[in-house]
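Before any comments, here is the structure.
The values are calculated or read from the model by the stated rules, or taken from the named source; none is laboratory data. Just so it is clear, the structure is predicted and the values come from calculations on it, not from any experiment. In this analysis, Cβ positions are derived from the backbone assuming ideal geometry, glycine residues included, and neighbour counts consider all displayed protein chains.
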2 protein chains.
Amino acid sequence: MNGGGTDVTLSLDALRTLARDTLLRVGLAPDHADAVTETMVAGERDGCASHGIYRLLVAASSIERGVVVPDAVPVVSEPARALVRVDGGGGFAQLAFARGLPGLVAKARDFGIAALALNNVVHFAALWPEVELLADQGLVALAFTPSHAWVAPAGGTRPVFGTNPIAFGWPRPGRAPFVFDFATSMVARGEIELHRRAGRPVPDDWGYDADGNPTTDAAAVLAGAMRTFGGHKGSALAAMVELIAGPLIGDMTSAESIAADGGRGGSPIGGELILAVDPAGFLGDAVAAELDRAEAMFASIEDQGARLPSSRRHAARARSLVEGVTIPRALYDDILAIGAGKAD
Amino acid sequence: MNGGGTDVTLSLDALRTLARDTLLRVGLAPDHADAVTETMVAGERDGCASHGIYRLLVAASSIERGVVVPDAVPVVSEPARALVRVDGGGGFAQLAFARGLPGLVAKARDFGIAALALNNVVHFAALWPEVELLADQGLVALAFTPSHAWVAPAGGTRPVFGTNPIAFGWPRPGRAPFVFDFATSMVARGEIELHRRAGRPVPDDWGYDADGNPTTDAAAVLAGAMRTFGGHKGSALAAMVELIAGPLIGDMTSAESIAADGGRGGSPIGGELILAVDPAGFLGDAVAAELDRAEAMFASIEDQGARLPSSRRHAARARSLVEGVTIPRALYDDILAIGAGKAD
């Protein structure tokens, strides 16, 4: 660790140890701590500060306030031949996903397509680690999850949807997969919170106040409703995420999740749906040739100076693997202080 | 038919006869004519004029110019246990879908999830009829198809993507299903063509001219590149549609489709991917209760005065079933003139 300035630089191994020790200190079971640590380290490594090691503060708060079951034991079942379900028992989503992953991969290869539902899990992370893991195994993957009801439908001003991300992964032989992961809200909720803390106004198309009026007051949007991205199209996608990662898998909508939270301000609790398709299912021996066709499309994007969705993350990753990561000293100190009262 | 004014009113049965007779007259095989007719009648019935009976002109042109194989015999296969493939043999997509539908439904019920790929088909229609048919059978459905390379990726100005629609269907017991179907381009290409014909400028965020500059000239956008909806998020979705309804199923990207067209100006040729999930797979006996949960979400949208995506179509449908449909006399006359030279 280099603690000389206002920032702290850590190797990825040191970051991993810091995260795991912190999570164990606040009482998270070791198998959960391992899974959660990998997700946070991946986020920080890839330059996603908002989904990186900062999330230790969020996770610790969820544990300390009883929002998450720290020693939940995920239970895997097979509700239909091409479906896997993991009941997360109220624990973090990461371990439930890890437990369901082998079955999802095996079924996708067996049947050509398969789906995994995580139920009764606490979400604090991005979805791209999940689809990237599947793409690393040569599968095409989609993931969806509702959150808390914070977002108004197009044509309305009252919250119904969560920020409802959609993530997609596509395998690229010899390269990091093509991956995207975005909220169907206009911006991430954390973006609005950053504006509020900084006392900065938000653009007037980000959301509504509690009376349904457009506003540039970040705090008013947080207390009112955010907008979806892309007008009625983004709103339709947000509704789809509610449906397929809520009722379709027997889990809560975003409205039910925030009602269940009961004002604790905890992370969303509910479900997640992950689809996996094996390219060999439709393509057989033609997989390599068809993946080349995809590469030609990627080239036609990059050749005109446009970026692929995952390119910024991958560049950050390449740097982090060599140089480690640098985090603000204030965050580092906050992390060291987590659970300090319990450490005695 | 009521031919008194500048419009012509037809019952849905009369419309069906008009469409079928026209398609047969230009040489489309009877089984194809039946399938194509149902799609066009459904569009006109639901108030989608641009995907209604007007498409007879488009379909007839595709037949007359040899873009479509008028008597193609779709071949159904099962590349993996939960996958169905239909090689459309260069015919219209509608019959290929009809041939693949029973297998897709059976597999979704058997395995919980299944996928259908249509290959080597000509597309001129919207995707919502496909997902609506699946939702009518109690399944959740998603459909995707590339088109011709007309749309620039976010951050670029040269065409890579098609208008690449995404359609979704969700069953609602006792009601018409929840369905959406939208292009991932900023607007439909037909919308820009309407502006060009009317000599009206388009908004400056719809596209670029052939030199990559933003323009309000509709003809310049048609010769240059359209934009995706929703910035980088819509662009990511457009890329996903290229991949999963192109290389993943062994079919063309939009760039390959327009290259294959070779300047004929024909409808896109290529693939389509349809996913189906049986709610009973994850839910078993709880399907009814979970669908109620979805109804609560729909109510929370409509209760604040916002519309569900399919509501306008369903209102038009209710009217059309009673009153028939009204089309411009000029269009009616154009349809009667189709293939007139061959009728002798």
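Every residue, every condition in (1) modelled with pLDDT under 95; (2) under 25 Å from B:P153 (Cα atoms), yes or no:
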| position | (1), (2) |
| --- | --- |
| A:E272 | no, no |
| A:G281 | no, no |
| A:R312 | yes, yes |
| A:R319 | no, no |
| A:V322 | no, no |
| A:A340 | yes, no |
Among the residues listed as B:G169, B:G174, the single one being within 19 Å of B:R313 (Cα to Cα) and part of a loop (DSSP other than H, G, I, E, B): B:G174
Taking the residues in the stretch B:177-199 that are among the hydrophobic types (A, V, I, L, M, F, W, C) and in a loop (DSSP other than H, G, I, E, B) as candidates, determine which candidate is modelled with the lowest pLDDT. B:A188
Of (1) exposed (fewer than 14 other Cβ atoms within 10 Å of the Cβ); (2) of a type outside the set (D, E, K, R); (3) at pLDDT 95 or above, B:S300 satisfies all except one. Which? (1)
For A:A154, indicate whether it is of a type in the set (A, V, I, L, M) and assigned to a loop (DSSP other than H, G, I, E, B). yes
Scan of the stretch B:43-55 for residues that are surrounded by fewer than 22 Cβ atoms within 10 Å (Cβ to Cβ) and either closer than 18 Å to B:L101 by Cβ or not aromatic (F, W, Y) (or both), ordered by number: B:G47, B:C48, B:A49, B:S50
Which condition number in (1) assigned to a loop (DSSP other than H, G, I, E, B); (2) within 14 Å of another protein chain (Cβ to nearest Cβ); (3) touching a Ser or Thr at 6+ places or on another chain (Cβ under 8 Å) is the one that B:V202 fails? (2)
Members of the stretch A:242-258 found to be more than 7 Å from chain B (Cβ to nearest Cβ), assigned to a helix (DSSP H, G or I), in contact (Cβ under 8 Å) with a residue 40 or more places away in the chain and of a type outside the set (S, T, Y), listed by number: A:I258
Scan the stretch A:182-222 residue by residue and report those that are surrounded by 21 or more Cβ atoms within 10 Å (Cβ to Cβ) and small (G, A, S). A:A183, A:S185, A:G207, A:A218
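Being surrounded by 23 or more Cβ atoms within 10 Å (Cβ to Cβ), part of a strand (DSSP E or B) and touching a Pro at 6+ places or on another chain (Cβ under 9 Å) is true for just one of A:A126, A:A96, A:A149, A:A117. Which residue is that?
Answer to the check: A:A117.
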Could you check the stretch A:174-189 and list, in sequence order, the residues that are under 15 Å from A:G224 (Cα atoms) and either touching a Leu at 6+ places or on another chain (Cβ under 6 Å) or more than 14 Å from chain B (Cβ to nearest Cβ) (or both)? A:R189
Mind checking which residues of the stretch B:223-241 are of a type in the set (A, V, I, L, M, F, W, C) and either within 8 Å of chain A (Cβ to nearest Cβ) or touching a residue at least 40 places away in the same chain (Cβ under 8 Å) (or both)? B:A225, B:M226, B:F229, B:A236, B:L237, B:A238, B:A239, B:M240, B:V241
Under 8 Å by Cβ, and 6 or more places apart or on different chains, what pairs join a residue from the stretch A:77-92 that is at positive phi and in a loop (DSSP other than H, G, I, E, B) with one that is aliphatic (A, V, I, L, M) and surrounded by fewer than 24 Cβ atoms within 10 Å (Cβ to Cβ)? A:G89/A:V69; A:G89/A:A72; A:G89/A:V73; A:G89/A:V75; A:G90/A:V69; A:G90/A:A72
Could you check the stretch A:1-75 for helices (runs of 4 or more DSSP H) lying wholly inside it with 1 or more residues that are under 18 Å from the mean Cα position of the chain (by Cα) and basic (K, R)? A:30-45, A:55-64
Residue hits (the stretch B:69-85; under 28 Å from B:K107 (Cβ atoms) and touching a helix residue (DSSP H, G or I) at 6+ places or on another chain (Cβ under 6 Å)) are B:P74, B:V76, B:P79, B:A80, B:R81, B:A82, B:L83, B:V84
Restricting to the stretch B:223-254, count the residues that are surrounded by fewer than 19 Cβ atoms within 10 Å (Cβ to Cβ) and within 29 Å of A:F178 (Cβ to Cβ). 2
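Every residue in the stretch B:293-314 that is part of a helix (DSSP H, G or I), without any contact (Cβ under 8 Å) to a residue 60 or more places away in the chain and more than 8 Å from chain A (Cβ to nearest Cβ), please. Steps first, answer last, please.
First, the residues of the stretch B:293-314 that are part of a helix (DSSP H, G or I): B:293-302, B:311-314.
When the remaining residues are screened for being without any contact (Cβ under 8 Å) to a residue 60 or more places away in the chain, the result is B:293, B:296-297, B:299-302, B:311.
B:A299, B:E302, B:S311 - these are the residues of the stretch B:293-314 that are part of a helix (DSSP H, G or I), without any contact (Cβ under 8 Å) to a residue 60 or more places away in the chain and more than 8 Å from chain A (Cβ to nearest Cβ).
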For the stretch A:261-291, the count of residues that are under 22 Å from the mean Cα position of the chain (by Cα), surrounded by 15 or more Cβ atoms within 10 Å (Cβ to Cβ) and either within 11 Å of another protein chain (Cβ to nearest Cβ) or of a type outside the set (D, E, K, R) (or both) equals 11
Would you be able to say whether some residue in the stretch B:210-219 is farther than 28 Å from B:N119 by Cα, in contact with a Leu (Cβ under 9 Å, 6 or more places away or on another chain) and in a helix (DSSP H, G or I)? yes
Restricting the search to the stretch A:104-134, which residues are among the aromatic types (F, W, Y) and within 13 Å of another protein chain (Cβ to nearest Cβ)? A:F111, A:W128
